[in-house]
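K.L.:
First, the structure itself, so that you have it in front of you.
The values are calculated or read from the model by the stated rules, or taken from the named source; none is laboratory data. Model, not experiment: these values are computed from the prediction. Don't worry about glycine lacking a Cβ; one is built from the backbone with ideal geometry, like all the others, and counts go over all protein chains shown.
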């Protein structure tokens with residue numbers, strides 16, 4: 001999967017990797033690696049091929065195509081799209097171009113879609129899992145090490161936290177729809193209000209003994225209740241609801257949504273580990289020696305607690321890949337995911353049950369990928385035990 005994702009443009013590409021036209025050598029397929037496929041060519045013939053013709057019909061003096069001479073999610077013919085069974089020759093151009101795993105009802109090559117889906121799955125799995133693990137480590141460390149009684153802040157700071165949260169809700173729910181100010185303008189106003197409030201809180205803390213008094217901040221209560229609320233809502237439902245509020249459904253939006261929704265499990269696991277570690281002798285000895293709590297957490301407690309997250313990171317990647325396939329199956333991303341995601345291929349197969357090859361091969365890719373990741377995670381768990 002990693003090789004398919006990294007070398008996608010060398011494995012599945014409708015453009016020739018190397019070609020010779022009028023005695024000149026060009027690399028239109030390799031150019032996709034560092035340039036936008038829609039970027040114009042300086043050569044007239046290449047530009048006509050990009051805009052009007054098929055790369056498979058031109059009479060090259062020499063050409064070298066990828067093993068799969070079709071791009072993910074692209075219909076590469078000048079005839080009406082039609083489904084083709086596995087092994088069928090391409091209906092336009094040289095018969096040496098074949099659809100080895102067939103095409104879907106719109107003429108998109110299934111083998112190219114599998115290669116493109118591997119890159120999408122790898123990017124989604126790694127990046128979304130990275131976001132969720134980062135959020136889980138930060139929030140789980142705060143809740144597990146400080147809890148509800150160990151983190152103390154001044155009353156002035158506590159009041160400013162409450163006011164800041166109310167301002168964020170007001171900005172998100174009211175200002176954007178009633179005042180109609182731009183995103184930068186509203187953000188600038190919010191920053192100015194918060195800066196003014198922080199300065200006022202600092203002055204208030206200096207002149208008032210009541211405001212300077214430190215009180216426990218129930219950070220564990222707040223974060224864990226938020227985690228329980230997120231766990232109570234199915235992730236697919238939550239992502240679909242949040243995606244409706246976004247201006248566009250892109251792969252980056254999908255990664256961000258999956259990562260921000262999936263932080264609860266690593267946070268709860270790390271919290272449980274730190275609740276046990278913070279009562280051990282070496283942590284209490286460090287506190288007695290006067291070492292700052294942040295340093296104790298970073299240098300002593302957190303490294304020992306992170307060992308249990310290694311296995312969860314592998315399972316998190318598998319869960320992100322499965323969630324991405326499920327969302328693309330439901331239509332997330334629209335046309336830009338069609339034929340490029342494994343889930344979108346399964347969605348196409350649902351509308352055309354007779355095209356068994358459109359469902360079998362993406363389903364096998366999803367199944368083998370998840371089984372491989374679960375196998376890796378279980379082996380790592382056995383090593384830790």
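K.L.:
Which fully enclosed strands (runs of 3 or more DSSP E) of region 1-112 have 3 or more residues being surrounded by 12 or more Cβ atoms within 10 Å (Cβ to Cβ), touching a residue at least 24 places away in the same chain (Cβ under 8 Å) and in contact with a strand residue (DSSP E or B) (Cβ under 6 Å, 6 or more places away or on another chain)?
P.N.:
Numbers: elements: 18-21, 24-26, 62-64.
Fully inside region 1-112 and qualifying: 18-21.
K.L.:
From the list 92, 174, 179, exactly one residue is modelled with pLDDT under 75, in contact with a helix residue (DSSP H, G or I) (Cβ under 8 Å, 6 or more places away or on another chain) and not assigned by TED's automatic domain parsing to the domain that holds residue 348. Which is it? If you could, list the steps in order and put the result at the bottom.
P.N.:
Details: 92 fails: in contact with a helix residue (DSSP H, G or I) (Cβ under 8 Å, 6 or more places away or on another chain); 174 fails: in contact with a helix residue (DSSP H, G or I) (Cβ under 8 Å, 6 or more places away or on another chain).
Matching residue, one of 92, 174, 179: 179.
K.L.:
Is it the case that some residue within region 252-272 is buried (at least 16 other Cβ atoms within 10 Å of the Cβ) and either modelled with pLDDT under 85 or more than 27 Å from the chain's Cα centre (by Cα) (or both)?
P.N.:
Of all residues in region 252-272, those buried (at least 16 other Cβ atoms within 10 Å of the Cβ) come to 253-271.
Add one more test, that the residue is either modelled with pLDDT under 85 or more than 27 Å from the chain's Cα centre (by Cα) (or both), and what stays is none.
Checking region 252-272: not a single residue is buried (at least 16 other Cβ atoms within 10 Å of the Cβ) and either modelled with pLDDT under 85 or more than 27 Å from the chain's Cα centre (by Cα) (or both).
K.L.:
Just to be sure, is residue 326 closer than 27 Å to residue 134 by Cα and in a helix (DSSP H, G or I)?
P.N.:
Working: closer than 27 Å to residue 134 by Cα: yes; in a helix (DSSP H, G or I): yes.
Criteria met by residue 326.
K.L.:
Residue check: is residue 329 over 15 Å from the mean Cα position of the chain (by Cα) and farther than 27 Å from residue 263 by Cβ?
P.N.:
no
K.L.:
Which condition number does residue 201 fail, the rest of (1) modelled with pLDDT under 85; (2) over 33 Å from the mean Cα position of the chain (by Cα); (3) surrounded by fewer than 16 Cβ atoms within 10 Å (Cβ to Cβ) being met?
P.N.:
Going through (1) modelled with pLDDT under 85; (2) over 33 Å from the mean Cα position of the chain (by Cα); (3) surrounded by fewer than 16 Cβ atoms within 10 Å (Cβ to Cβ) one by one, residue 201 breaks only (3).
K.L.:
Is it the case, given these coordinates, that residue 372 is assigned by TED's automatic domain parsing to the domain that holds residue 135 and surrounded by 19 or more Cβ atoms within 10 Å (Cβ to Cβ)?
P.N.:
No; evaluated as a whole, the condition is false for this residue.
K.L.:
Right, next: Would you confirm whether any residue within region 315-323 is assigned by TED's automatic domain parsing to the domain that holds residue 266, out of contact with any helix residue (DSSP H, G or I) (no Cβ under 7 Å at 6 or more places or on another chain) and free of Cβ contacts under 8 Å to residues at least 12 places away in the same chain? Full working, then the answer.
P.N.:
Within region 315-323, the subset assigned by TED's automatic domain parsing to the domain that holds residue 266 is 315-323.
Okay, now just the ones that are also out of contact with any helix residue (DSSP H, G or I) (no Cβ under 7 Å at 6 or more places or on another chain), so 319.
Restricting the remaining residues to those that are free of Cβ contacts under 8 Å to residues at least 12 places away in the same chain gives none.
So far as region 315-323 goes, no, none of its residues is assigned by TED's automatic domain parsing to the domain that holds residue 266, out of contact with any helix residue (DSSP H, G or I) (no Cβ under 7 Å at 6 or more places or on another chain) and free of Cβ contacts under 8 Å to residues at least 12 places away in the same chain.
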